[in-house]
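The values are calculated or read from the model by the stated rules, or taken from the named source; none is laboratory data. Note that the structure is a prediction, hence the values are computed from the model and not measured. Glycine also receives a Cβ, built like all others from the backbone with ideal geometry; neighbour counts cover every protein chain displayed. Accessible surface is based on the protein model in full, side chains and every heavy atom, while ligands, DNA and RNA are left aside. Shrake-Rupley method; radii C 1.70, N 1.55, O 1.52, S 1.80 Å.
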Amino acid sequence: MQDTLYSLPVVNQITPYLSQRQMGDLPIVVISHPKVRAAIALQGAHLLAWQPSGQKPVIWLSEKTPFVTGKAIRGGVPICWPWFGPAGEPAHGFARNQPWTLTAHDENEDAVMLTFTLESNAQTKKLWPHDFTLLARFRIAEHCEIELEAWGDYEATAALHTYFQVTDIAQVEVSGLGNSFIDKVNANVVGSSADGKQIYPDRVDRIHTAAEDCSVIHDKGGNRQIEVYHHYQSDVVTWNPGPELSCSMADMPNEGYKTMVCVETARINKPMKSAGESPARLGTTLRLRNK
């Protein structure tokens with residue numbers, strides 16, 4: 001799927017490393033840099049792909065997701081804001097379904113930096129009564145840095161709902177998740193883990209409320225580790241739909257669950273508080289380690 005993004009015809013060459021292209025209804029910003037390639041949809045400021053040179057793709061994107069205006073993209077890094085999960089309509093908030101604007105960009109021999117902006121408008125006011133300015137900043141390099149900055153006066157819950165590409169979910173273990181979690185598959189029962197590790201024999205959907213600042217995805221089948229550093233978080237969510245749910249989702253291949261795992265930097269149990277000149281933030285840094 002990622003290769004399709006990089007081969008789309010160029011609509012506008014913004015800089016030597018940056019171009020705008022079109023996937024279905026949606027404009028896409030493609031980064032082609034000697035050290036990295038990546039793609040971000042303007043809808044949702046949604047990272048679709050990140051791949052350091054010489055490496056396999058790190059981000060999972062469903063080959064069945066429709067690129068349709070207003071419809072959430074399955075995969076990548078959805079920005080869930082200003083609420084997480086079913087706390088409102090649409091689920092996971094409206095930020096990922098809204099068109100953002102590329103408001104700043106810079107590049108050098110190591111990285112490409114981009115800032116996308118979303119401001120409250122008539123459509124968002126129907127869903128949520130607050131004035132806001134939301135910034136999504138990306139530093140695309142051999143590491144990938146994402147920071148969400150929320151200005152205004154309100155509280156919000158949020159997540160950077162990152163889908164990672166793995167070789168075989170049966171050989172995946174995620175560590176650094178801490179010893180307590182809320183089990184969303186099992187009626188929100190509070191559970192405990194002795195070692196802070198998670199494997200994926202079937203559907204898993206857990207909010208880890210005391211996770212470490214770094215989660216490590218051990219992709220044993222792919223002989224690599226993905227380090228997920230969490231910034232300003234209160235929770236870390238990990239999710240895999242398992243076979244039954246995967247088969248029921250129209251925008252997911254039946255076998256899709258086998259090659260993805262979500263590890264999400266989140267603010268759920270302690271909402272983000274934005275006030276006046278003090279924005280709220282949520283961020284993540286992704287690093288790849290080959291074994």
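If you check E173 against the conditions, is it farther than 19 Å from G222 by Cβ and in contact (Cβ under 8 Å) with a residue 12 or more places away in the chain? Judged against the criteria, E173 is not a match.
Each row is one residue, and each column tells you yes or no for (1) in contact (Cβ under 8 Å) with a residue 40 or more places away in the chain; (2) within 22 Å of L47 (Cβ to Cβ).
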position: M252; (1), (2): yes, yes
position: E255; (1), (2): no, no
position: P271; (1), (2): yes, no
position: A280; (1), (2): yes, yes
position: L286; (1), (2): yes, yes
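When A49, A87 are screened for being open to solvent by 30 Å² or more (accessible area, probe 1.4 Å), among the small types (G, A, S) and more than 18 Å from L118 (Cα to Cα), only A87 passes. When K220 is tested against (1) buried (at least 17 other Cβ atoms within 10 Å of the Cβ); (2) touching a residue at least 40 places away in the same chain (Cβ under 8 Å), only condition (1) is not met. Filtered by the rule that a residue be open to solvent by 10 Å² or more (accessible area, probe 1.4 Å) and either assigned to a strand (DSSP E or B) or on the phi > 0 side of the Ramachandran plot (or both), region 150-168 gives W151, G152, Y154, E155, T157, Q165. Residues that are open to solvent by 70 Å² or more (accessible area, probe 1.4 Å) and free of Cβ contacts under 8 Å to residues at least 60 places away in the same chain were ranked within region 96-107; the one that is farthest from the chain's Cα centre (by Cα) is D106.
In region 40-54, the residues that are closer than 22 Å to E109 by Cα never reach a residue that is open to solvent by less than 10 Å² (accessible area, probe 1.4 Å) and at pLDDT below 95 with C-beta atoms less than 6 angstrom apart, at least six apart or across chains. Taken as a whole, region 184-192 holds no residue that is hydroxyl-bearing (S, T, Y) and under 21 Å from V77 (Cβ atoms). For region 220-237, the candidate set comprises residues that are charged (D, E, K, R) and more than 15 Å from I268 (Cβ to Cβ); within that set, the residue that is farthest from the chain's Cα centre (by Cα) is K220. Residues of region 6-35 that are of a type in the set (D, E, K, R) and assigned to a strand (DSSP E or B): R21 alone. Residues that are out of contact with any Ser or Thr (no Cβ under 8 Å at 6 or more places or on another chain), part of a loop (DSSP other than H, G, I, E, B) and polar (S, T, N, Q) within region 195-236 comprise just one, N223. Within region 7-23, the set of residues being touching a residue at least 40 places away in the same chain (Cβ under 8 Å) and over 21 Å from A136 (Cβ atoms) comprises P16 only.
Checked across region 169-192, the condition of being touching a Lys or Arg at 6+ places or on another chain (Cβ under 7 Å), hydroxyl-bearing (S, T, Y) and open to solvent by less than 50 Å² (accessible area, probe 1.4 Å) holds for at least one residue.
Is it true that Y232 is within 23 Å of N290 (Cβ to Cβ), among the aromatic types (F, W, Y) and in contact with a strand residue (DSSP E or B) (Cβ under 6 Å, 6 or more places away or on another chain)? Against the criterion (within 23 Å of N290 (Cβ to Cβ), among the aromatic types (F, W, Y) and in contact with a strand residue (DSSP E or B) (Cβ under 6 Å, 6 or more places away or on another chain)), Y232 does not qualify.
Filtering region 238-260 to residues that are aliphatic (A, V, I, L, M) and either more than 15 Å from the chain's Cα centre (by Cα) or part of a helix (DSSP H, G or I) (or both) leaves L245, M249, A250, M252. So, in region 223-244, exactly how many residues are within 25 Å of T157 (Cα to Cα) and open to solvent by 50 Å² or more (accessible area, probe 1.4 Å)? The number of residues fulfilling the criteria is 3.
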